[in-house]
Structures are given as C-alpha cells and as structure tokens.
Amino acid sequence: MTTNRDRFRAIVAGALRVFLALLLVYLCLGLGFHFKWQSALAACREARLARGEFVDPEVFGGVLTLAFDVTFWPVYSWANFYHDGTPFATPCTH
C-alpha cells in the first residue's frame with residue numbers, strides 16, 4: 001500500500017529528473033553556443049589583423065569565458081540578434 005509520503009517522494013523524484021534533463025539540455029546548448037561564437041570571433045579577429053586593423057586583446061579567456069557563455073547564452077544570443085541580426089555577432093558583422 002502506498003502512502004502519501006511515497007507518492008510525494010515519487011513526484012519530487014520525477015520533477016527532479018525533469019529539471020536535471022532540462023538543465024543538461026540548457027548547458028549543452030550553451031556549450032555549442034560558446035564554441036560557435038568563439039569560432040566566429042577568431043575568424044573575425046584574423047580578418048581584421050589581415051586588413052591591418054587594431055584588434056582588441058582577449059580580456060577574459062579560457063574557463064571564465066566558457067562559464068559566462070554557457071551560463072548566459074540566451075542573453076548574449078538575444079542581444080547579438082537584436083543589435084546585429086545574428087546570434088553570433090562579431091565586430092565584423094557591424
């Protein structure tokens with residue numbers, strides 16, 4: 001015989017599994033966004049160097065950039081799309 005406590009635990013366990021699955025999808029999308037955006041930035045940086053333009057040095061690199069991009073990718077994507085019409089905006093897309 002199941003009690004209310006057992007049903008509650010089953011509901012909480014199911015909700016936790018759904019939350020963790022959504023979190024995993026969110027982080028995977030953020031990781032993909034990070035690598036695509038960094039690739040676009042590197043290509044733009046090389047193109048600007050080839051034209052002889054000044055290229056700003058990369059301030060945040062490595063793990064810090066990865067953490068920010070994976071965490072805040074919806075904000076970055078929306079702002080880039082709003083201002084430049086592409087989710088992967090670079091100085092070359094202005």
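Every number in this text was worked out from the coordinates using simple rules, so none of it is lab data. None of the values given here were measured: they were computed from a predicted structure. Cβ sites come from the backbone with ideal geometry, for glycine too, and all protein chains shown count toward neighbours.
Structure summary
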| quantity | calculated |
| --- | --- |
| R0 of 30 Å, Cβ-Cβ distance residue 92-residue 24: FRET efficiency to nearest 0.05 | 0.35 |
| Whole-number percent relative contact order across the chain, with pairs defined as alpha carbons under 8 Å at least 6 apart | 30 |
| Fully extended contour minus Cα-Cα distance, from residue 49 to residue 36, at 0.36 nm per residue | 2.7 nm |
| Exposed chymotrypsin sites (Phe, Trp or Tyr not before Pro) absent: longest stretch of the chain, with sites in DSSP loops and at most 14 other Cβ within 10 Å deemed exposed | 1-53 |
| Of (1) 8.2; (2) 5.8; (3) 7.6, the label for mean projected area of the Cα convex hull in nm² derived from the coordinates | (1) |
| Cysteines having no other Cys beta carbon under 4.7 Å from their own, within the chain | 28 |
| Between helix 63-84 and the chain: long-axis angle, C-alpha atoms, 0 to 90°, nearest 10 | 70 |
| Gained length - residue 13 relative to residue 64, 0.36 nm times residue gap less alpha-carbon distance | 15.1 nm |
